[in-house]
Amino acid sequence: KDASNQFVERYEKLADVVGQSLLEAESAAEKIGFNAAKHLSTLVSQGKIPSEEELARLGKELDVSLFAITDKDGRFLRDTVTGAAKQTHKIFDFCEDYRKLITGGSDLEVTPIIPSFPYRGPYKFIMIPSRDRKMILEAGVNLANLGRILANTMCTDENVRSIGLFSPTFFNFGTIYSDGRFVDGNQGQAPRELGAGDHELRRDALEVIR
C-alpha cells in the first residue's frame, strides 16, 4: 500500500509540474497576442485597415500566426490564414459573447488552447474591440513550444515514455516522446479548406471551457 501511495504521489506531483508549465506557456502566448492586437488597434485607429499581406508581414514581426479583423456584424474583413474572401462564417458563430466587444460589455475575449484551422496546431486567440467599437481585432498565437516544454518535463522521470496533449473536446494536438520526438496528432495530413465541422470543433471547445 505504501508503494502504491508513493507511486500516486510521485505522478500527481509530475502532473502538477506539467500543468504549471502549460499555464505559463499559455499566459506568455496570451500576452504576445494581446500586445499584437493593441498594436493593430493603433494602426486601425489611424483610419486605414491594413491589407492581409501587410498583416501577414506584421504578424511575423510580432510573432503572431494570425491576424483577423471583423466588422460590427461579425463579418470577416481580413484573415491572414483563411482569407476573408473565403470565410463563410461570422466570428459570432464561434461564440455569441464576442458581440460584447461591439456593444461595450467586454474589452477582451480570450480562448483556451484550442485547435486552429486548417493547420490544427495548438493556438490561443485574443480579441479586442477597435477604439470606436465598430470592429473586432483578433490575434492568434501558435503555442509551438509545448513540445519542448513537455520534453523538458519528461527528463525528470525516466519512467515517463510519452505525454499526449488534447483539447477540451479531446482533439489530439500531438504526443511528445522521451527521445525528444514530437509527433503531431495530424501528422501526414495536408492543410485543407475549412469545413463546418472545424467551426463546430472550435465552438465546442469554447463551450466545454465555459
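The values are calculated or read from the model by the stated rules, or taken from the named source; none is laboratory data. No experiment lies behind these values; they were computed from the predicted model shown. Glycine also receives a Cβ, built like all others from the backbone with ideal geometry; neighbour counts cover every protein chain displayed. The protein model used for the area step is the full one, side chains on, heavy atoms only, and it has no ligands, DNA or RNA in it. Shrake-Rupley method; radii C 1.70, N 1.55, O 1.52, S 1.80 Å.
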What's the local net charge at Thr42, with K and R +1, D and E -1, over the other residues with C-beta under 12 Å away?
-> +3
At 20 °C and 1.002 mPa s, what whole-number value in µm²/s does Stokes-Einstein give for the translational diffusion of region 112-151, with Rh from the Kirkwood sum over Cα pairs?
-> 185 µm²/s
Simple Cβ-charge dipole of region 63-171, Lys/Arg +1 and Asp/Glu -1, about Cα centre, in debye nearest 20 = 280 debye
For Leu66, residues with placed amide H under 5 Å, excluding near neighbours = Gly140
Those trypsin sites (Lys or Arg not before Pro) in region 26-95 that DSSP places in a loop and that have at most 16 other beta carbons within 10 Å | Lys48, Lys72, Arg75, Lys90
Residues with amide H under 5 Å from that of Tyr123, placed H, sequence gap 5 or more = Ile114, Ser116, Leu143
Relative pair counts by distance (%), Cα atoms of region 73-131, 5 Å bins | 4, 15, 24, 29, 19, 6, 1
Any aspartates and glutamates with Cα under 12 Å of the Lys86 Cα? List them, leaving off those in the same chain fewer than 8 positions away.
-> Glu193
Can you pull the semi-axes for region 48-173, root of five times each eigenvalue of the Cα gyration tensor, sorted largest first, whole Å?
-> 31, 16, 13
State the percentage of accessible surface on region 15-120 attributable to carbon and sulfur atoms; use a 1.4 Å probe and exclude ligands, DNA and RNA.
-> 50 percent
Looking at this model, which pairs from Lys13/Lys38; Lys13/Lys60; Lys31/Lys90 are more than 28 angstrom apart at the alpha-carbon?
-> Lys13/Lys38; Lys13/Lys60
Whole-angstrom Cα spans of region 34-78 along principal axes, big to small | 28, 19, 19
Positive minus negative residues near Lys72 (Lys, Arg vs Asp, Glu; Cβ under 10 Å) = +1
Using modelled amide H (1.01 Å from N, peptide plane; none on Pro or chain starts), what sits under 5 Å from the amide H of Gly174, excluding residues fewer than 5 places away?
-> Leu165, Gly185
